[in-house]
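In what follows, a structure is listed as structure tokens, so that the remarks can point back to it.
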Amino acid sequence: MPLLTIDVLKGRSNDELKLLLDTIHSAVVDAFQVPERDRYQIVNQHEPNEMVIQDTGLGFNRSNEVVVIRMVSKRRTSEQKEMFYALTQDRLERHLKLAPKDLMISIVENDNTDWSFGFGRAQFVTGEL
């Protein structure tokens, strides 16, 4: 049920994008214990001048491989979030050679009434989910 928006700079191949999405989804499934088909991902590809992703004063520079993940989700524990951050970074580094400095993740939480998966109904509220 998390809705993920992944922002990257243009230039990745379709195979690279698929691997990126599959890798992120595996971390979602493991960290949040969601079903495999609970998958909602949107990729936005940008020109270099359309993304300014700095370091908040932490002292590092990002490369053109930067990946920004924004997640909208129902409430999760701090432990689950930290596990997601760590699993995502580890797996992206292992499978795509993404440098840890090039990953930024932000999670925005909401409630059951904030979701409709179709048919004009709030399935978490109606009991369908």
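Pairs are defined by a Cβ separation below 6 Å, a sequence spacing of at least 6 or placement on different chains, a first member in the stretch 108-127 that is more than 20 Å from residue 41 (Cα to Cα), and a second member that is among the small types (Gly, Ala, Ser) and surrounded by 12 or more Cβ atoms within 10 Å (Cβ to Cβ); the pairs so defined are 113/122.
Quick one: would you say residue 6 is out of contact with any Ser or Thr (no Cβ under 8 Å at 6 or more places or on another chain), of a type in the set (A, V, I, L, M) and open to solvent by less than 60 Å² (accessible area, probe 1.4 Å)? Yes, satisfied.
The residues on offer are 54, 33, 41, and the sole one that is modelled with pLDDT of 95 or more and under 15 Å from residue 102 (Cβ atoms) is 54. Pairs meeting the criteria (first residue in the stretch 94-107 and open to solvent by less than 50 Å² (accessible area, probe 1.4 Å), second residue at pLDDT below 95, beta carbons under 8 Å, at least 6 apart or on different chains) are lacking. Take the residues of the stretch 42-91 that are of a type in the set (A, V, I, L, M) and part of a loop (DSSP other than H, G, I, E, B): which is farthest from residue 6 (Cα to Cα)? This residue is 58.
Applying the condition of being surrounded by fewer than 12 Cβ atoms within 10 Å (Cβ to Cβ) and within 23 Å of the chain's Cα centre (by Cα) to the stretch 108-128 and asking which residue is farthest from residue 78 (Cα to Cα) yields 118.
The residue pairs whose first member lies in the stretch 33-52 and is over 25 Å from residue 75 (Cα atoms), whose second member is at pLDDT 95 or above and exposed (fewer than 14 other Cβ atoms within 10 Å of the Cβ), and whose beta carbons are closer than 6 Å, counting only pairs six or more residues apart or on different chains, are 45/10. Taken as a whole, the condition of being open to solvent by less than 90 Å² (accessible area, probe 1.4 Å), in contact with a Leu (Cβ under 6 Å, 6 or more places away or on another chain) and farther than 16 Å from residue 103 by Cα does not apply to residue 27.
The values are calculated or read from the model by the stated rules, or taken from the named source; none is laboratory data. Here the structure is a predicted model, which means the values were calculated and not measured. Positions of Cβ are generated from backbone atoms using ideal geometry, with glycine treated the same way; all protein chains shown enter the neighbour counts. Keep in mind that these areas ignore ligands, DNA and RNA; they rest on the heavy atoms of the full protein, side chains included. Shrake-Rupley method; radii C 1.70, N 1.55, O 1.52, S 1.80 Å.
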